[in-house]
Amino acid sequence: MAMKKRKMGPPPPYAAETKDTRFAGTFEVLVPVEGRNRPLRVPHQFPTLKAAEDFIHSPDGEEAIEKLIADHVG
C-alpha cells in the first residue's frame, strides 16, 4: 500500500485544548507557520473541540487563518 506524500511546508492548522488557565476547559485553533517554533493562535476560544475544528474549515475560519498568516508574513 502506497503512502501519500505531504508537500513540504508547515502542517495544517489544528485545534487543541487551551493552555491558558484563564480559559480552562476551552479550545483554540493553532496555526503552524514556517520559520516559527510556536504556532500562531487564532484569538478566539471555543467551548468544544468539535466547534474549534469546525471553525478551521468554515469560510470565516479560513479567512481568519489566512489573515493571521498574512499579518505575520507581511
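The values are calculated or read from the model by the stated rules, or taken from the named source; none is laboratory data. Values in this document were obtained by computation on a predicted structure and should not be read as measured data. Glycine gets a Cβ as well: all are built from the backbone with ideal geometry, and neighbour counts include every protein chain shown. Just so you know, the surface numbers come from the protein's heavy atoms only, side chains and all, with ligands and any DNA or RNA stripped out. Shrake-Rupley method; radii C 1.70, N 1.55, O 1.52, S 1.80 Å.
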Would you check which residues across the stretch 13-23 are modelled with pLDDT of 95 or more and either open to solvent by less than 80 Å² (accessible area, probe 1.4 Å) or closer than 21 Å to Asp71 by Cα (or both) and list them? Pro13, Tyr14, Ala15, Ala16, Thr18
Condition first: surrounded by 13 or more Cβ atoms within 10 Å (Cβ to Cβ), touching a His at 6+ places or on another chain (Cβ under 7 Å) and modelled with pLDDT of 95 or more. Can you find one or more residues in the stretch 53-65 that meet it? no
Any residue in the stretch 45-74 that is outside any helix (DSSP H, G or I) sitting within a Cβ distance under 8 Å of a residue that is not hydrophobic (A, V, I, L, M, F, W, C)? List the pairs, counting only those 6 or more apart or interchain. Gln45/Thr18; Gln45/Thr26; Gln45/Glu28; Phe46/Thr26; Phe46/Glu28; Pro47/Thr26
When the stretch 25-52 is checked residue by residue, the ones that are at pLDDT below 95 and over 12 Å from the mean Cα position of the chain (by Cα) are Glu34, Gly35, Arg36, Asn37
Of the conditions (1) assigned to a loop (DSSP other than H, G, I, E, B); (2) at pLDDT 90 or above, Gly9 satisfies every one except a single condition; which number is it? (2)
